[in-house]
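Peer 1: Structure provided below as structure tokens; questions to follow.
The values are calculated or read from the model by the stated rules, or taken from the named source; none is laboratory data. Here the structure is a predicted model, which means the values were calculated and not measured. Note that each Cβ is placed from the backbone with ideal geometry, even for glycine, and that neighbours are counted across all protein chains shown.
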Amino acid sequence: MTASAPIGETITSSAHVDTYCADNLPPRESWPQFVFDLPELHRPARLNCATVLLDDTVARLGRDRRCLLTPTETWTYGDLRDRANQIAHVLTDDLGVVPGNRVLLRGPNNPWLVACWFAVIKAGAVVVTTMPLLRTPELSKLVALTRPVVALCDHRFREAIDAVEVPDVGMRVIGFGGSGGEDLVTRAAGKPVTFDDVDTAADDVVLLAPTSGTTGVPKATMHFHRDVLANADTFSRHIVAPVSDDLFTGTPPLAFTFGLGGLVVFPLAVGAASLLLEKASPVELAEAIERHGVSVLFTAPTAYRAMLRTGVAHRLGSLRRAVSAGEHLPAEVWTAFRDATGVAIINGIGGTELLHIFISAADDDIRPGSTGRVVPGYRARIQDVHGNELADGTAGLLAVQGPTGCRYLNDTRQRDYVRDGWNLTGDTYTRDADGYFWYHARSDDMIVSSGYNIAAPEVESVIDQHPAVVESAVIGVPDAERGMIVHAAVVLGPGQVGDDAMVASIQSFVKETAAPYKYPRSVAFVDALPRTESGKLQRFRLRRDA
């Protein structure tokens, strides 16, 4: 029997004192339909997901079990709990954080970032994890949107966030991992290792996950405590099927929900461990897998291609699971990796709006080139632009329902993503008669390159600030290694020369102004951009020419 979450009042009273998130949830009538088909999705009305993932696991398996590894150290479950509790005391006792406040996190994948994540949730606050690559202009937009009261930042990445100035947002920045009495690690060392986790409601907002729309204006997807656990109860449990002795690793930042699930939520839900790498080339990733005996890998197709190309596949012998998402996985890459390693890559499609993967397949259920079938707990169909379901074999828009779904923070784009109770992912797919989904293309102007979502207009706005540029237009073009790359058509000002030096200047300018992965790897200089008589940019002509 299917149970659907009510589109009305919350299950129980909120623990939030600061009601900013509740006040900015989209109208209930614009939410997707939520379905809870699986018994394991029926969680208690009062729920703190940090308690479930960390404290309950310690109670079940003991504090001395390995939890978080780096190339140089190991934290046990007890270590992580103690440090998370101490940081929670700093947040509440010293910094005045109350339930419902937003706390921004900034740093590379390491144990202290994970401890901060758990501490924020234990304190009943709402976590906003950002990528360390973001620059001040990008961070300023997110701060203005999410209005955090505190930012916990790795001391090596403070410069960009210290420069953020948003009117009416009094965000205090606290560094961690550095030196001095104000450093979070020093502050936490003197705090108790016990903390009474806030008794939050299962449907209290627990995280704001930033994403980008095609306009370049950031969106924040709002997820509840129960949502964080739902992806472990569906994709992880039924497709990845981890065991407590597994060691996970991967390349996605914890700011990506793909990384949060694969490197924190999924391993801790079963008492497994996670190897956190701050940065790793494909060769370094393979070396780490071999050295530590990693059994479960989460990364993008780009990394799988690169490990094959660089001849390091022989170092992956400890793997029993390899998960791919972020962009389409071609059949030839899947086959080459299986032939080289014996491991069948688990392909999948997910999204920040739904937190993680909702279509996938594992083992004998895999059909190379296909994304897979609907993950248990979810539903999916193909529909036209009017919301009519299409027959198998007909290309159309992918629509999804499940225990997670899109809720944008105070954003009118909610009505674009959710229609008639379905989440529309922005992807064009077909479904075959056996229920397998086959990817065709993105349905919007989002560029997906090496697993990163890049909004074309956002890159244009940066290029247009270059002193030599009059205007620009950005598109994604196919690339064998990265899936897509950013291509820019640029109109230069009078007297400017479109040569290799100008290409390098524009690329460097973008890298210095925005996250480096957004820079145009391909630049073409044109006399004018193709436009309609009304002035609308004709991106299809740019794609044809590119």
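Peer 1: Pairs only if they're at least six apart or on different chains, beta carbon under 6 angstrom, first in segment 398-410 and under 18 Å from Arg43 (Cβ atoms) and assigned by TED's automatic domain parsing to the domain that holds Phe437, second modelled with pLDDT under 95 and buried (at least 24 other Cβ atoms within 10 Å of the Cβ); list them, first residue then second.
Peer 2: Filtered contacts from segment 398-410: no entries.
Peer 1: Determine if segment 240-252 includes at least one residue that is within 30 Å of Asn24 (Cβ to Cβ) and in the same structural domain as Arg309 (by TED's automatic domain parsing).
Peer 2: yes
Peer 1: Just to check your reading of the model, which residue among Ala489, Ala473, Ala441 is small (Gly, Ala, Ser), touching a Ser or Thr at 6+ places or on another chain (Cβ under 6 Å) and part of a strand (DSSP E or B)?
Peer 2: Among Ala489, Ala473, Ala441, only Ala441 is small (Gly, Ala, Ser), touching a Ser or Thr at 6+ places or on another chain (Cβ under 6 Å) and part of a strand (DSSP E or B).
Peer 1: So, one more: Evaluate segment 309-316: report whether one residue or more is surrounded by 22 or more Cβ atoms within 10 Å (Cβ to Cβ), over 23 Å from Arg373 (Cα atoms), of a type outside the set (Val, Ile, Thr) and out of contact with any Gly (no Cβ under 7 Å at 6 or more places or on another chain).
Peer 2: Within segment 309-316, none of the residues are surrounded by 22 or more Cβ atoms within 10 Å (Cβ to Cβ), over 23 Å from Arg373 (Cα atoms), of a type outside the set (Val, Ile, Thr) and out of contact with any Gly (no Cβ under 7 Å at 6 or more places or on another chain).
Peer 1: Can you say whether Arg373 is in a strand (DSSP E or B), within 22 Å of Val296 (Cα to Cα) and more than 19 Å from the chain's Cα centre (by Cα), as far as the supplied structure shows?
Peer 2: yes
Peer 1: Oh, and also: Taking helices (runs of 4 or more DSSP H) that do not extend beyond segment 244-297, which have at least 2 residues that are touching a helix residue (DSSP H, G or I) at 6+ places or on another chain (Cβ under 7 Å) and modelled with pLDDT of 95 or more?
Peer 2: The qualifying helices (runs of 4 or more DSSP H) are 266-269, 282-292.
Peer 1: Next question. What are the residues in segment 446-468 that are over 15 Å from Lys219 (Cα atoms) and either in a strand (DSSP E or B) or assigned by TED's automatic domain parsing to the domain that holds Gly351 (or both), if any?
Peer 2: Ile447, Val448, Ser449, Tyr452
The rows are residues; the columns are (1) charged (D, E, K, R); (2) crowded, with 23+ Cβ neighbours inside 10 Å; (3) over 24 Å from Leu424 (Cα atoms); (4) more than 23 Å from the chain's Cα centre (by Cα).
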residue: Val448; (1), (2), (3), (4): no, no, no, no
residue: Asp464; (1), (2), (3), (4): yes, no, yes, yes
residue: Gly498; (1), (2), (3), (4): no, no, yes, yes
residue: Ile506; (1), (2), (3), (4): no, yes, yes, yes
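Peer 1: Here is a further query. Select from segment 320-342 the residues that are surrounded by fewer than 19 Cβ atoms within 10 Å (Cβ to Cβ) and in a loop (DSSP other than H, G, I, E, B) and write down the one among them that is modelled with the lowest pLDDT.
Peer 2: Filtering first and then ranking leaves Pro330.
Peer 1: Looking only at segment 21-48, filter to residues that are of a type in the set (D, E, K, R) and assigned to a helix (DSSP H, G or I); which one of those is surrounded by the most Cβ atoms within 10 Å (Cβ to Cβ)?
Peer 2: Glu40
Peer 1: If we keep just the residues of segment 525-540 that are outside any loop (DSSP other than H, G, I, E, B) and surrounded by 15 or more Cβ atoms within 10 Å (Cβ to Cβ), which is modelled with the highest pLDDT?
Peer 2: Applying the filter and picking the extreme gives Phe525.
Peer 1: Continuing with the same structure: For the structure I just gave you, tell me whether Val497 is at pLDDT 95 or above and either in the same structural domain as Val333 (by TED's automatic domain parsing) or assigned to a helix (DSSP H, G or I) (or both).
Peer 2: Considered against the rule, which asks whether it is at pLDDT 95 or above and either in the same structural domain as Val333 (by TED's automatic domain parsing) or assigned to a helix (DSSP H, G or I) (or both), Val497 comes out as no.
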